[in-house]
Amino acid sequence: MASLGLLADDELDCRRLVLLAGEAGHTVMPAGRIAEAVEVLREHRPKAMLVVDGPRQDAAAAVREILRVAPLMPIVVALRRRDAGRAVALMRLGAAEVVSSPWSREALEPCLSKALRYQGTAFSVVYAPPRPALPYYLLAVLVFFGAAFGYLALQRLQRLGREALEQKAYWDMPYKHPAGLAYDDKSRSLWSADWFTQSLYEHSPADLAIKRIVHFTAQMPVSVAFAMDAVWSVAAKGTIVRHMRDAVLTPVETYKDAAPHTVGIAYDGLYLWTCDPARRLVYKRLTDAALTVVASYRYPGAEPAALVFDGKSLWSLDAGNKELIRHNLERPDQTMGRIALPEYRDGEYKPRGLAWDGTRFWTVAEKLPKDSGPARVFQHADLAAMLMRR
């Protein structure tokens, strides 16, 4: 059980969150204004702060003020309405977690638990007893060696930090329902589709930071690909849309009901490929006005989740067997190799999307059970070497 501070300007919101936090085993000290929340911080020293983003109370201003007073304080922001862009902006300001409406114990408790795990370091002043004065030259020697050892320690910490960053193989995302992944050679960015927020997220491959969010008002994207100087997306109902590569991905052409039940789309330089998990078929299509199907092939795996072309071969992500399948481009029902994905062996995540950046594979996965945690992007750097050996 932990003590929490709560900043909520609405009495009903305050009562509801106090009740939900109490059900999770926490004690709550409410405040109606930022100044009152600061007093709660100074007098009661809570383990975390819960802030409601409301029309009369800007959570961004509250996050800045709380972190100014207590820089190490974990902050969980409760949104009154779902807004992916707002959630990303608040996390960039320093919020540890963001929980969207409708609020429930199942949604709030994991966010509070995760925020409470990131506690900062407490500092206190320890007064040492007086010591006899040392000769100045001895003091100078000690200062010199102390500075030298401190510099070496700092260099070592920086080197270890760089190595840790290079070795990191996964990143958690600020969304929960991934449905597709693609790599854009021109912008050198990873793009992830989330069907629940109806958005595409552009990520930097270096640290997976979000560079841009494009929201689709009339489309629920389940797959995405870059081909023929355009962005292609597949909607949940089977509509394929070709977009311009502008800031808002303006739709150029829509192919209604072209690919029902599609979970993957890829382009090999001549044909467009799609995959239907319901019929367990891989379709070879022309890029004409009707995306005409010229051939269909039986899928040689358990549960197809995505398709990608690496410049030589067509690959699929098999969510059932948790592996990558390399297909014969002339006969995709024939496999040319399989690579197991140990990241999914424990069953905590289900793979949903696949991308190839020219040297390595990336996958995006959904946390199981559904809605239990953020989506996760995995970097499969070691698969490039395995690919070269095959």
Scanning the range 5-58 residue by residue, the ones that are over 23 Å from Asp83 (Cβ atoms), assigned to a strand (DSSP E or B) and not hydroxyl-bearing (Ser, Thr, Tyr) total 5
- Message: Whether any residue in the range 206-223 is without any contact (Cβ under 8 Å) to a residue 60 or more places away in the chain and either closer than 20 Å to Val294 by Cα or in contact with a Gly (Cβ under 8 Å, 6 or more places away or on another chain) (or both) is what I want to check.
- Response: yes
Taking the range 19-64 and keeping only residues that are more than 16 Å from Ile75 (Cβ to Cβ) and touching a residue at least 40 places away in the same chain (Cβ under 8 Å), one is left with Leu20, Glu23, Ala24, Arg56
Only unsatisfied item for Ser233, checking (1) part of a strand (DSSP E or B); (2) of a type outside the set (A, V, I, L, M, F, W, C); (3) surrounded by fewer than 16 Cβ atoms within 10 Å (Cβ to Cβ), is (3)
In the range 314-338, anything buried (at least 18 other Cβ atoms within 10 Å of the Cβ), in a loop (DSSP other than H, G, I, E, B) and among the small types (Gly, Ala, Ser) is listed as Ala319
Of the conditions (1) over 14 Å from Pro174 (Cβ atoms); (2) crowded, with 16+ Cβ neighbours inside 10 Å, the single one that Met91 does not satisfy is (1)
The one condition Leu341 fails out of (1) surrounded by fewer than 17 Cβ atoms within 10 Å (Cβ to Cβ); (2) at pLDDT below 95; (3) touching an Asp or Glu at 6+ places or on another chain (Cβ under 9 Å) is (1)
Checked against (1) surrounded by 14 or more Cβ atoms within 10 Å (Cβ to Cβ); (2) in contact with a Phe, Trp or Tyr (Cβ under 8 Å, 6 or more places away or on another chain), Met228 satisfies every condition except (1)
Scanning the range 287-315 for residues that are touching a residue at least 40 places away in the same chain (Cβ under 8 Å) and among the aromatic types (Phe, Trp, Tyr) gives Phe309, Trp315
Considering every residue within the range 68-75, establish whether at least one is more than 17 Å from Glu109 (Cβ to Cβ), surrounded by 20 or more Cβ atoms within 10 Å (Cβ to Cβ) and either within 28 Å of the chain's Cα centre (by Cα) or modelled with pLDDT of 85 or more (or both).
-> yes
Note on Ala89: of the conditions (1) at pLDDT 80 or above; (2) of a type outside the set (Ser, Thr, Tyr); (3) assigned to a loop (DSSP other than H, G, I, E, B), unmet is (3)
When (1) assigned to a loop (DSSP other than H, G, I, E, B); (2) under 24 Å from Ala193 (Cβ atoms) are applied to Pro300, the one that fails is (2)
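The values are calculated or read from the model by the stated rules, or taken from the named source; none is laboratory data. Only a predicted model underlies this, so the values are computations on that prediction, with no experimental measurement involved. Cβ: placed from backbone, ideal geometry, glycine included. Neighbour counts: every protein chain shown.
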